[in-house]
Structure formats: structure tokens, C-alpha cells
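Everything below concerns the one structure shown next.
The values are calculated or read from the model by the stated rules, or taken from the named source; none is laboratory data. These numbers come from a predicted model, not from an experiment. Methodologically, a virtual Cβ is constructed for each residue, glycine included, from the backbone with ideal geometry; neighbour enumeration extends over all protein chains shown. Surface accessibility is based on the protein's heavy atoms, side chains included, excluding ligands, DNA and RNA. Shrake-Rupley method; radii C 1.70, N 1.55, O 1.52, S 1.80 Å.
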Protein chains: 2
Amino acid sequence: MALSDSSHVLIQELKSALGEAHVVTDVAAALPFTREWRGRLEGRALCVVSPADTSQVQEVVRLCAASRVPMTVQGGNTGLMGGQVPDETGQEVVISLKRMSRIRAQDSVGGTLTVEAGVVLADAQAAAQEMGFEVPLSLASEGSCTMGGVLSTNAGGTLTLAYGNAKAMVLGLEVVLADGRLWQGLKSLRKDNMGYDLKQLFLGSEGTLGIITAASLALVPAFPAKAVAFVGVQDAGAALALLQRTREAAIGVVKACEFIPDLGLELLTQHMDWTRRPLETQSPYYVLLEVDGHDNAALEAGLDGVLMRALEDGLIADGMRAQSLEQARLLWRMRHALSEVQKMEGASIKHDISVPLDVLPAFLKEAEAACLKAVPQCRPLPFGHVGDGNIHFNISQPPHMQGADFLALRPVLEDVVHGLVKHYGGSLAAEHGVGRFKRDLLLETLDPVALSLMRSLKQALDPHGLLNPHRVI
Amino acid sequence: MALSDSSHVLIQELKSALGEAHVVTDVAAALPFTREWRGRLEGRALCVVSPADTSQVQEVVRLCAASRVPMTVQGGNTGLMGGQVPDETGQEVVISLKRMSRIRAQDSVGGTLTVEAGVVLADAQAAAQEMGFEVPLSLASEGSCTMGGVLSTNAGGTLTLAYGNAKAMVLGLEVVLADGRLWQGLKSLRKDNMGYDLKQLFLGSEGTLGIITAASLALVPAFPAKAVAFVGVQDAGAALALLQRTREAAIGVVKACEFIPDLGLELLTQHMDWTRRPLETQSPYYVLLEVDGHDNAALEAGLDGVLMRALEDGLIADGMRAQSLEQARLLWRMRHALSEVQKMEGASIKHDISVPLDVLPAFLKEAEAACLKAVPQCRPLPFGHVGDGNIHFNISQPPHMQGADFLALRPVLEDVVHGLVKHYGGSLAAEHGVGRFKRDLLLETLDPVALSLMRSLKQALDPHGLLNPHRVI
């Protein structure tokens, strides 16, 4: 591809600003940044730049903005919605923030941690642990996703139940704006009403309104003890009732309440030899429940009491409590293997959705039936964060169908599932964001007033549309 | 005051829309809405309108916008920053939302409550209690402040420590925009990343970007048991260390950690005959600590253990645990009487500030010394929410000075206190908002980039500057 003169000039300017080594133009060398990690998208970049600090990010943005060159911001390249890779035009500059991986401050008195955008979530977790605290965010990609990524997408995960989404932990942000100016909002205050809460503009807007370069986080106490149970239930209603009882028992912090359908267990035991069914009885669904606290004996006794009463009352069908940390880890590993095992079973069609908790049981029942009606013998495998209403409503292909034939039915099944989510007042993008893949869906689905408000914000903050164009809005 | 023809027309249109009874033009009848509740401001209104529902709010805004008439939005008229009353021009239409006091939905499964803007906080609390939950917000004016008011100002209070500011509980909003359009964002989802998080624009922006007409709230579990302690400490550092120990002990939810200086106790016992010193010993400061949970005996034993160890380690000087609910209530009543008793002691100059927790002890020490140096014999009485860094840094007049003479020193003392807050990276408007009173301070204090972002938002959402003009920004 021939580069225009102005592109040549920009690349030279970027090299002067960052050093030759940190401006990659070679297509092969750029591949880790231009290809979506699962290979679902492969774009091309004008170049991939890796600024070392905030002032270099500002300089990159200023140079790109001056040439009206669009930018793609990237953290760990772990996103599921394609927002982190450039398009096919080769016109976008990819800004990788991975070199900005310093932990700037740790405050054990206030329980806060200040991290740069490129800090890997697992490194932030380790830093918090050293301080006797915990980062209130845990998700499958935590070993490689970066703080800038999880905050700009407002990631969810298993701890939302206890602590809210990623944005809930943010006390302050440092952000490079679309014209290269710096908004220095890196405060560590628990209460601040000095004007509009500007950080909210950048949390969850997927880099389309500004580039988060650092964040100050409110940590939560780390608990030394935990109790984990695996319980068989008839439906999501029973799972939620069990969650409520566990909370009311006030035996500790309910850290997770994850939902697994029987098909999930079935596939795990078929495909992965390290798995086995935790219960001797079979139920339509299971719940993985974790409660953390200070004292193992008290937690175990408390959780046993909750399970015993639930069993007596017929709320649950069966249940076991992990007898060792090793057993608890195995249960969690099975939960985390659900995505992987679905892949081993063939093609699947996925929906990252949420609905209000009170209608979740009805939604699941109707959605499973409607999918089966639309595509006989398809196999709904709804799993995930039942406690916060966020279900990964995945559907595995019928056993004897060709994968490609099943995937051709995606529009049919999406219509069924999305239609019911909308009917029940839910969200079509619960914790994975919008990115490229759900942008059209968003434009079709949101009401005109919401869309016009979002467009006003984009216009106000990025009038030339240079930051992550064609994502979200 | 003579009304222009166009004003006459507008009032007639408003009367047609809402009914005569709900458009008040009589100055005396309008007084409860045009006078700040403490009498610190008295404005005039073109009229005071009381819409019954959201569509009437839309109609009022459309009519005012068409005539380019500015609006003041009002809830319970309990604000401390003067934002809720009209200016002196008599040109503003006051929109009182008090008639919109319906609880629209209660969901005991999901633990959510949907309220209209005019619902009094105490009524929302009662509705939550009926459901077995609690509204995670408690403040002095809860008997008369409204949900629209506390959400639009992002109010704080004693529960911030446990649950965050008012905005943290909001799952969805319904908002009338500056041109009368309705943004219907009244969802009850725990996870939703379908585009920008628009509700954040309206939470804490004090009605300058849109009018909140209803909100969906995430409730927290109500706990049947509580333990309350009153502890003497040397300084704020010891208070925070005690808080951390209490949290680490994981005996329950730490609901409050309030700070009271010895002068506060002194004035209480002097002026209010129902008070007495809870401890026999005297300390520079005291902490009121509350932990809630499921079982009174366990909580009491747990808290006693924490206090005992803190005493042994010399972290605290003395301490007692309330032996009855009545005693606990008395301790809380004393805490809440601190503002009142300061008034009885003469003039005082107040600062609603917050600083990061790790510098709070140093800030308090320096600020007290600097105030005494600037105004000898003035009496700093810093009290409040030490656990979240929000201190009401109030200063009572020297004993033998005239109140007016002391108040004339306000600029001197404000400079001292605000200078130190800024030095320590704190906020000059922690939980009471900006309103009219702190607008100049905000304009002087915020950095130009933050101000320009705020102005862009105002321009994007209220281009004619009709909503709560001259507040915040």
C-alpha cells in the first residue's frame, strides 16, 4: 500500500516524538495489534505507536489530530467486541498503552491504588494484595487485559454482584482529550461534588471520548477466608432466592453467584477429563456460590446453615460445600471452562445480555423455549452472573448439524433472544461493551433521544470523530 | 413588578397546562419556594409551578423554552448552597416537583425501588424497609429532602462510607431535557453497557443539564442488628486506623465512622441538657462507630474485641459500646446536634471539604493551627464523615468577639482552609454541592481544561442556558 506524503510526514513526526523503536509500520510486526486476538477481525494500521508516558500520548494525539488521522486505542487486545483493532483502511494510528504500566501510588490508609492504563489487571490485583486489599474486579482475561481497557469498557465479571462494575471503583482519572489536551482528574477522593463528574464521560465510552491514561481506584478489604458451595436448583428464581437468603444471613460478603445449566456440566465431563459432576443428583441448573469473610469455621457453619434450611424448605434440590481450597478452585475452574467447552462442542451463538432480576426466571424460560421453537434441537446454554442479571445466553448447535449451517441461523436466534431482552427491559450489551460488533445493533435499538444525547457528547468531545471511529456510536 | 405581555402569555399557557391551582404567582404564596429555608436568600419567581407528572414537566419546559424563560428546579428546598431558589429578577419559573411523589415500582427479588423525584427520602426509606431492604442514603434532612434533590446534587451523608454517594445507588433515570424532550432511561439493570452511561450526566449536575423526574434505585439489605461505639482518640489517624481494624475484623457492615472534636462535646453538654459526656475521660477527638449485621450478640462481641485490642495497643484512649438501642440513639442524636449547637454558640464559618484519607490527619493538624494563627482564639470544630475523608471544617467564633466581626473574617479563614485543601488534593465541595454559593469558587479553582469540558456539556445539553442558570457553572 502506498502511503501519501502526509502519512509519511506524520510517521516521521511520531518517530521523532517517541523514538524509532516505538513506531511500528511493518505489517507483520504490527499484527499482534492489528489482529483481534481470536482472529475474528484483521485490520491494518498506518502505524502502531507505543507511548511511554502521558505526555507522549498527548503528543501522539496532537500530531494525529493536526493531520485529522483517526486513532485506535488499545490495551491488552482482549476485547470481545472488536473495538480495539483498526479497520481495514490502513489509515488509523493504533495507540498501544501497554508501555504505560507503572503503578503510580499505593495508599494503604485510604485503600487506594493509582495505576497507569497499561497496567495488567492481575498486576493491579497483586499490588492491592500486598497492601492487604483487593481490586473489586475479576474476569477471565485478567492475566492480560489492562486497566485502561477494563475501565474504558466498564468491564463486569464475577465480582459485580458484590462491588459493582469496573467503573464503580474509580475515584479519579487522567485523560488525554481528542485534541491532545490533558484533563487531570486523578483525585483519590470518596466525596467530591466540585462541578460535573467528568470521569463518567470516559468510563465505559470505549475510548471514543478521550484516552484514559491513568486511574485512581478504591480498593476493597481482602478477606482471608472463603466458603464455596455448588447447589442444584430448578430454575433461576430458586438461584436468586438462595442468593437473597445467603445475603440476609449476613455471614460474610457474597462474592459470587454463578449460574450453570446441566448441559454445561454435561459438556464439561464429556470434553475435559479433569472435571466431574460435583453432585450425585442431576438438576436443570446449578449455582456456584462464594461467601468471603474473616473466619473459615464461621463461614462454613453459616453457609451450611443456609444450605440446610434451603434444602429443608425445598428451595434447592441438592448441594455441597467445597471441603478444601483445592476443591473450591476446581469448582471455579469448571465455571471458567464453560466458554472453552462450548467451543469444543461445535458452533455456538452468544448473547451478552442482562435483564432485571425479577423477570430473569421468566425470561430464561421463554427464551429457551423460543430458541428451540425457532431452531429445533439447538441447545441453549445460558450461564454466568445470575446474581446481577447478566447471563451469557449462549446457544450450542444441534448435535448433527454442520457448524456453518447453524451459524447461518444467527440472525434468527439473535432476533428471538434480543426481542425478549427488549421486551423485558434488558440490555443487549451487558458487560462486553459495544465496540464494532454491536454498533449497528445499538443504532437500531436505542431510542432517538438517547442516540441524540450520545451524539451530542461525541460531537462535544471529539468533533472530528478521530478517537476510535465507528465504535459504539 | 409589571409583567411583560410575553410573561402574561406564558403564565396563561402554564395555567392551561397544569390548572390554575398549580401555578402560583402571588408573592406571599410563593414564599416557601422562593426563600431559602434558612432565609439566606430570598428570590422572586415569575411563578411557581407544580406539575403532577412527567408529561406536565415536559409541557412546562417546552413552554418556558419556547419563550426562553429560565427555570429553577426545586425538590424539598433543603439545599445548603442556594441552588434551589430563584434569583431576584422575578424572571425565573420555579418548577416544584413535590407533587410527583409516587413510588412507581417495588421489586423485592431484585431489591430495587422506582421513585418519582418528589418522593421524600424518608418515604423511600420506609418503602424499602417494608420490602426488607434499606435505601443506602441517610442525611440530616431526610424527613423533607426529595429524591430528585438528593440525586441531582449527589448528596452524601453518613452512609457514604458503606455504600458510596447518592449516585452510587442509581440504576436508571427518567429525565426531562432542556428542550422538553424526555430521556427515558428508567432501567433497573445492574449491568448495562449499551452506549454511553447517560444517567451520569444528570446525577450531581444540580439540575443544570436536565430535570430528573424519576429514578430506579438499587437497595441494600436491611440488617436487624447493630452495635454502636463511642471512642476517644488522639487524632484522625487513630480514627482511621480503628476503622480499618473494624473492617478487617469483618464482624459486619461498618455503617458509619463519624468524627467529633472535644469542643463539640463541650458545647453539647453546655447548651443541651439531654446530653452528657459518654466517656469519663477526655480526648482531643471522638469517633462514633456503627457496625450492622445479623446477630446482636455476635456484633457486640466482635466490636468489643476490636475495641479491647485497640485499647491494649494504645490506638484508642478510651471507649464504650452502647448497651441499648436507646443509648445508641442518644449517641447519634448528639452527633446530629453538632450543627445546631454551633449555632447556639454564636457565629461560625463552615467548610464542606474532603481530602484523601492518607493526608487527612496532617490536613486537620495544619488547618487547625493555621486558623488559630490567622484568627487567634477562633475555635475550629472539625466534625463529620472521617471514614470517607469528608470533614465539615467549621470554625466557631472566639468567645468574646462580636459575631459580625468574626463573619467579616470569613475571606481570611476560607483562604486558609481552602488553600490547605487544594494543597492536599482535596475537594472544596464534598457533599453539599456547588449551587449559587460556591459557583465563583468553582470558576476560580477548577483548572481550565475541566472548566472547558463542563462548559461543553452545558452547551451541548442546555444551549440557551435555561436550566438552573448561574448554578454550578
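Here are some notes:
- Members of the range A:180-231 that are open to solvent by 10 Å² or more (accessible area, probe 1.4 Å), under 16 Å from residue B:456 (Cα atoms) and among the aromatic types (Phe, Trp, Tyr): A:183, A:196
- Unmet criterion (only one of (1) surrounded by 19 or more Cβ atoms within 10 Å (Cβ to Cβ); (2) under 28 Å from residue A:251 (Cβ atoms)) for residue B:352: (2)
- Residue A:452, sole failed condition from (1) among the small types (Gly, Ala, Ser); (2) within 19 Å of residue A:259 (Cβ to Cβ); (3) modelled with pLDDT of 95 or more: (2)
- Among the residues making up the range B:234-260, a single one is more than 14 Å from chain A (Cβ to nearest Cβ) and over 16 Å from residue B:335 (Cα atoms): B:234.
- Screening the range B:68-111 for residues that are touching a Ser or Thr at 6+ places or on another chain (Cβ under 6 Å) and open to solvent by 10 Å² or more (accessible area, probe 1.4 Å) and picking the one that is farthest from the other protein chains (Cβ to nearest Cβ) gives B:99.
Rundown of residues vs (1) of a type in the set (A, V, I, L, M, F, W, C); (2) in contact with a helix residue (DSSP H, G or I) (Cβ under 7 Å, 6 or more places away or on another chain), yes/no style:
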| site | (1), (2) |
| --- | --- |
| A:225 | yes, yes |
| A:234 | no, no |
| A:238 | yes, no |
| A:254 | yes, yes |
| A:281 | no, no |
| A:318 | no, no |
| A:338 | yes, yes |
| A:341 | yes, yes |
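- Among the residues listed as B:125, B:129, B:91, the single one being touching a strand residue (DSSP E or B) at 6+ places or on another chain (Cβ under 9 Å) and among the polar types (S, T, N, Q): B:125
- Single condition residue B:346 does not satisfy, out of (1) at negative phi; (2) in contact with a Gly (Cβ under 9 Å, 6 or more places away or on another chain): (1)
- Leading residue by the ranking (farthest from the chain's Cα centre (by Cα)) among those in the range B:56-67 that are of a type in the set (S, T, N, Q) and either more than 14 Å from chain A (Cβ to nearest Cβ) or under 21 Å from residue B:124 (Cα atoms) (or both): B:67
Rundown of residues vs (1) closer than 29 Å to residue B:454 by Cα; (2) touching a Gly at 6+ places or on another chain (Cβ under 7 Å); (3) without any contact (Cβ under 8 Å) to a residue 60 or more places away in the chain, yes/no style:
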site	(1), (2), (3)
A:394	no, no, yes
A:410	no, no, no
A:414	no, no, no
A:425	no, no, no
A:465	yes, no, no
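- For the range A:140-170, a residue qualifies if it is outside any helix (DSSP H, G or I), open to solvent by less than 30 Å² (accessible area, probe 1.4 Å) and of a type in the set (A, V, I, L, M), and the qualifying residues are A:155, A:159, A:170.
- Considering (1) in a loop (DSSP other than H, G, I, E, B); (2) within 30 Å of residue B:398 (Cα to Cα); (3) open to solvent by 70 Å² or more (accessible area, probe 1.4 Å), the lone condition that residue B:333 does not fulfil carries the number (1).
- Among the conditions (1) closer than 30 Å to residue B:408 by Cα; (2) open to solvent by 10 Å² or more (accessible area, probe 1.4 Å); (3) of a type in the set (A, V, I, L, M, F, W, C), the only one that residue B:338 does not satisfy is (2).
- Qualifying residue in the range B:261-269 (condition: surrounded by fewer than 15 Cβ atoms within 10 Å (Cβ to Cβ), more than 14 Å from every other protein chain (Cβ to nearest Cβ) and not polar (S, T, N, Q)): no
- From B:388, B:318, B:405, residue being under 24 Å from residue B:154 (Cβ atoms) and of a type in the set (Asp, Glu): B:388
- Neighbours by Cβ (under 7 Å, 6+ apart or cross-chain): first from the range A:1-27, open to solvent by less than 40 Å² (accessible area, probe 1.4 Å); second basic (Lys, Arg) and in a helix (DSSP H, G or I): A:23/A:15
- The set of residues in the range B:414-465 that are open to solvent by less than 10 Å² (accessible area, probe 1.4 Å) and more than 7 Å from every other protein chain (Cβ to nearest Cβ) comprises B:417, B:421, B:435, B:462.
- Test result for residue B:115, closer than 30 Å to residue B:351 by Cβ and of a type in the set (Val, Ile, Thr): no
- Options B:385, B:351: the member that is within 14 Å of chain A (Cβ to nearest Cβ) and in contact with a Lys or Arg (Cβ under 9 Å, 6 or more places away or on another chain): B:385
- Residue in the range A:123-146 that is in contact (Cβ under 8 Å) with a residue 60 or more places away in the chain, away from every other protein chain (no Cβ under 14 Å) and closer than 22 Å to residue B:453 by Cα present: no
- Restricting the range B:279-308 to residues that are more than 14 Å from every other protein chain (Cβ to nearest Cβ) and in a helix (DSSP H, G or I) leaves a set whose member that is least open to solvent (accessible area, probe 1.4 Å) is B:307.
- All of (1) in contact (Cβ under 8 Å) with a residue 24 or more places away in the chain; (2) away from chain B (no Cβ under 14 Å); (3) outside any helix (DSSP H, G or I) hold for residue A:314 with one exception: (1).
- If you filter the range A:390-400 down to residues that are modelled with pLDDT of 95 or more and of a type outside the set (S, T, N, Q), you find that the one that is surrounded by the fewest Cβ atoms within 10 Å (Cβ to Cβ) is A:398.
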